[in-house]
Amino acid sequence: MKKLLSVLLALTLATTLFACGQKQATNTTAENTPAATDAPQVFKVGGIGPITGGAAVYGQAVQNGIKIAIDEINANGGFNGYQVEYHFADDEHDAEKAVNAYNSLKDWGMQLLIGTTTSSPCLAVADKTSADNMFQITPSGSAVDCTANPNVFRMCFSDPDQGIASAQYIDSHNLAKKVGIIYDASDVYSTGIYEKFVQEAAGKNFEVVAEEQFTADSKTDFTTQLTKLKGADADLVFLPFYYSEAALVLNQAKQMGYAPTFFGCDGMDGILTLENFDKSLAEGLMLLTPFSADATDDLTVNFVGEYQKRHGEIPNQFAADSYDCAYALKLAIEKANVTPASSVSDICNAVKSAMTSITLKGLTGDSISWKSNGEPNKTPKAVVIKDGAYALAN
Amino acid sequence: MDYFKLKRQKKARYNLSIYLMIIIAYAIVMILSSQGKISSLLNGLLVPFCTYSILAVSLNLVVGISGELSLGHAGFMCVGAFTSAVFTRYMKFLGVEGLYLFIIAILIGAVTAGFAGLLIGIPVLRLKGDYLAIVTLAFGEIIKNIANAIYLGFDENGAHFSLKNTMALGLSDKGFVVIKGAQGITGTPHYSSFTAGVILLIIVVTIILNLVNSRTGRNIKALRDNLIAAESVGISATKYKLIAFTIASSMAGVAGVLYAHNLTTLTALPKNFGYNMSITILVFVVLGGMGRIRGSIIAAVILTLLPEMLRGLSDFRMLIYSIVLIVVMIFTSAPAMKQYMEVLKNRFPVIKNLKASVLKKMSKEGE
């Protein structure tokens with residue numbers, strides 16, 4: 001009986017493996033046969049991000065942002081005259097799952113990748129795209145090493161750039177004498193900005209008087225950190241983390257009667273759309289962000305309107321970055337004049353060199369260009385919240 | 001006499017079937033991949049299959065064979081992953097790369113995770129049942145949070161360590177930061193392969209099977225089945241439980257090494273080294289059957305494969321996955337289902353006859 005069972009199990013295992021292999025085999029033939037007769041007529045663009053789990057908000061924004069852009073692009077003739085097919089895979093904000101997602105997209109026939117949404121999975125996937133020489137542009141993978149490989153470009157600012165830009169902005173606008181910082185020590189994004197900010201702050205006209213941290217496990221009560229900052233007389237508090245925690249910080253600061261200037265980065269964008277958030281708390285909050293949903297230019301108004309119509313909420317910066325990614329791909333593909341018939345590697349090489357010579361007018365910048373190391377060249381806008389809305393700070 | 005011999009042979013056949021299963025699966029994959037008939041998704045899953053199989057088999061030693069509920073297994077995986085990755089990353093920084101480093105890394109991972117298991121096991125194994133489960137859970141989380149807080153760098157003056165930030169390391173210009181706190185380790189060399197994973201799995205299975213069928217293993221099982229009776233004949237509860245716990249931790253460390261060298265980035269998230277992962281491993285063990293090595297491996301492979309196979313369902317993927325899990329758990333453990341399987345067996349006399357004939361043959365051989 002045992003023997004029979006083991007043979008059966010081995011057989012089942014074998015058939016599963018065969019089934020997978022077979023599926024792939026039919027897939028490739030299905031793709032190869034038309035390729036032999038006539039070239040494929042569509043570009044296949046993949047996206048990766050967390051659409052389940054704790055970081056799902058970001059992945060969903062990216063998924064929706066790309067979808068809106070691709071639909072618009074398809075309605076206007078596609079990439080270089082070819083329609084675009086788009087498929088999004090879930091990575092659960094996990095490096096291993098992201099690699100699985102990448103492999104499943106590869107089986108689907110992906111030629112270009114917009115992803116991944118979060119930094120740590122992005123690093124793992126960038127290693128694989130580099131081995132396959134597939135073009136990758138990440139909307140929001142902000143860790144420095146994400147773009148270490150020549151085939152990977154980025155739409156958002158890198159973490160150090162944000163830290164440096166924030167320190168310089170506070171310095172050049174004489175915003176403060178004493179700066180206090182609260183950061184999330186368990187978050188890559190937050191620690192990345194924090195470290196560069198402190199390094200850049202040396203020799204500036206302000207002094208960092210307190211550096212307080214919290215972790216993902218203790219992100220509801222900030223009174224200890226705020227008391228220390230208040231005790232150190234910080235007149236500006238730098239908050240390099242996401243808006244959901246920042247809302248609590250603002251609320252608790254108000255309760256203890258502490259009213260310094262609060263200064264955030266692009267993760268702060270979205271605070272005004274937070275449910276049940278008292279907008280008066282954010283009065284005077286400054287943030288550096290490449291995108292503001294309240295901007296009045298046509299592009300932003302159209303995008304925000306379309307996003308609200310489809311998903312019933314105001315898009316955040318992740319959605320805007322990923323929307324811009326799709327348009328950057330369109331520009332680069334048209335510049336390089338590649339067709340879907342080329343191999344993945346050829347597309348990558350052509351698009352890679354075209355990326356450095358395009359200038360995109362997008363949601364997150366009026367003229368975004370790229371350096372060959374994959375970093376975008378765009379200026380962050382400093383906005384200040386006045387009467388419950390963004391206003392450009394000067 | 002005959003009975004014991006038969007039992008021994010049965011055991012030998014069971015053990016053999018595990019190795020056969022692994023080798024057959026390995027051979028099939030190798031043949032398919034040499035013909036390029038294997039999908040990228042499956043190809044990418046081969047190393048995780050081995051990692052999770054090792055984890056499931058090793059946790060089975062604690063939960064199934066030693067009978068202690070541990071919810072912190074992923075913590076030991078974390079120890080193995082981080083210590084070995086620090087070593088290989090530092091070697092890469094020095095410009096040394098090679099597969100022999102991977103073997104050293106495996107040893108480092110196994111030893112450090114085993115040591116962590118020993119340290120934690122000494123106080124923790126004095127507890128029983130729910131208390132033990134909660135304390136192991138806490139230790140697993142502590143390990144994950146420590147890994148998140150460490151900053152470690154090297155320069156010409158040696159190693160620098162801090163719990164604050166990279167600036168506090170005080171590295172010279174030539175310095176190099178290996179662990180950047182929450183950002184973890186990036187750029188770990190890619191040493192893991194399916195072949196290495198299968199070899200490690202076979203070694204782990206061999207160690208466990210030998211242990212289980214040894215005097216030590218019988219003592220461990222005796223403690224599980226009746227603690228008072230076992231202690232009354234002079235079996236030291238602490239010693240044997242600690243042996244099982246330490247060996248299992250050390251194997252989890254090996255799985256961590258395999259995991260760390262399969263991806264270029266290593267961060268301690270709840271998803272990979274936290275509570276979630278410990279529970280996932282426990283699910284493999286429970287679904288595969290307590291104390292069943294072969295079942296653990298099959299469950300680990302199937303449950304790793306399942307969410308990937310369900311990708312076609314997009315948004316409903318994790319929902320369907322959980323439903324499948326619940327259904328499988330209920331069906332495999334329901335008494336009615338077991339009864340039905342018995343009826344099924346009786347209805348197909350071929351199976352019954354086969355069993356009878358095999359038993360007959362074996363008893364003849366025994367004579």
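The values are calculated or read from the model by the stated rules, or taken from the named source; none is laboratory data. All values derive from a computational prediction rather than experimental measurement. All Cβ positions, glycine included, derive from the backbone under ideal geometry; neighbour counts span all protein chains shown. Ligands, DNA and RNA are stripped out before the accessible areas are found, and what is left, the full protein with its side chains, is counted by its heavy atoms. Shrake-Rupley method; radii C 1.70, N 1.55, O 1.52, S 1.80 Å.
Using +1 on the beta carbon of Lys and Arg, -1 on that of Asp and Glu, and nothing else charged, what's the dipole of chain B about the Cα centre, debye to 20?
That gives chain B a dipole magnitude of about 1520 debye.
Take each residue of peptide B:43-56, count the partner chain Cβ atoms within 10 Å of its Cβ, and average: the result is 2. Restricting attention to the protein assembly as shown, close to 40% of DSSP beta bridges with both partner residues there are antiparallel. Once the Cα atoms are used to define both axes, helix A:95-108 deviates from the longest principal axis of chain A by about 40 degrees. Could you give the angle, 0 to 90 degrees to the nearest 10, between helix B:99-124's Cα long axis and the longest principal axis of the Cα atoms of chain B? It works out to around 80 degrees. log₁₀ I(q)/I(0) of the stretch B:195-286 at q = 0.14, 0.24 Å⁻¹, via Debye over equal Cα point scatterers, no solvent, to two decimals? Log10 I(q)/I(0), no solvent term: -0.67, -1.24.
Using a 1.4 Å probe over protein heavy atoms, the accessible area lost on pairing A with B, summed over both chains, comes to approximately 4600 Å².
Net charge within 15 Å of residue A:99 by Cβ-Cβ distance, Lys/Arg positive one each and Asp/Glu negative one each, not counting residue A:99 itself? Summing Lys/Arg as +1 and Asp/Glu as -1 gives -4.
Viscosity 0.692 mPa s, temperature 37 °C: what is the translational diffusion coefficient of chain A from Stokes-Einstein with a Kirkwood Rh over Cα pairs, rounded to a whole number of µm²/s?
Rounded, D is 147 µm²/s.
Share of chain B's accessible area from carbon and sulfur, percent, 1.4 Å?
Ligands and nucleic acids excluded, carbon and sulfur reach 67 percent.
Take the Cα of residue A:217, go 7 Å toward its beta carbon, and the backbone nitrogen atoms of the stretch B:117-155 under 12 Å from that spot belong to B:137-149. The modelled label-to-label distance between residue B:11 and residue B:199, using points 7 Å beyond Cα along the C-beta direction, is 3.0 nm. Peptide A:186-195 is shielded by partner chain Cβ atoms: per residue, an average of 4 of them sit within 10 Å of its Cβ. On the stretch A:160-289, 46 percent of the accessible area sits on carbon and sulfur atoms, based on a 1.4 Å probe. So if R0 is 35 Å, what FRET efficiency would residue B:340 and residue A:310 give, r being the distance between their Cβ atoms, rounded to the nearest 0.05? E between residue B:340 and residue A:310, to the nearest 0.05, is 0.10.
In the context of the full set of protein chains, residues of the stretch B:18-316 present 38 Å² of accessible surface per residue (probe radius 1.4 Å, heavy atoms only). Taking chain B on its own, what percent of its Cα-Cα pair distances exceed 33 Å? Counting every Cα pair in chain B, those more than 33 Å apart make up 36 percent.
Exceedance of the 23 Å cut-off in Cα-Cα distance is limited, within the set B:128/B:221; A:381/B:180; B:11/B:128; A:106/B:37; A:196/B:174; A:254/B:271, to A:381/B:180; B:11/B:128; A:254/B:271. Using the Cβ-Cβ distance between residue B:138 and residue A:337 with R0 = 56 Å, the FRET efficiency computed as 1/(1 + (r/R0)^6) comes to roughly 0.40.
By the compact-protein rule of thumb, 2.2 N^0.38 Å, the alpha-carbon radius of gyration of the protein assembly as shown corresponds to a ratio of 1.04. Per-residue mean of foreign Cβ neighbours for A:91-103 is 6 (Cβ atoms of other chains, 10 Å radius).
Compute the signed sum of charges (Lys and Arg +1, Asp and Glu -1) over the other residues within less than 11 Å, Cβ to Cβ, of residue B:101. Summing Lys and Arg as +1 and Asp and Glu as -1 gives +1. Measure nothing but the geometry: give the 0 to 90° angle between the long axis through the Cα atoms of A:119-132 and the longest principal axis through the Cα atoms of chain A, rounded to 10°. Roughly 30 degrees between the two axes. Electrostatic bookkeeping for residue B:125 treats Lys and Arg as +1 and Asp and Glu as -1; over the other residues with beta carbon under 15 Å from its beta carbon, the sum is +2. Working note: Karplus 6.51/-1.76/1.60 with θ = phi - 60° gives the stretch B:171-180 the couplings 6, 7, 4, 7, x, 8, 8, 8, 9, 9 Hz, where Gly and Pro are set to x.
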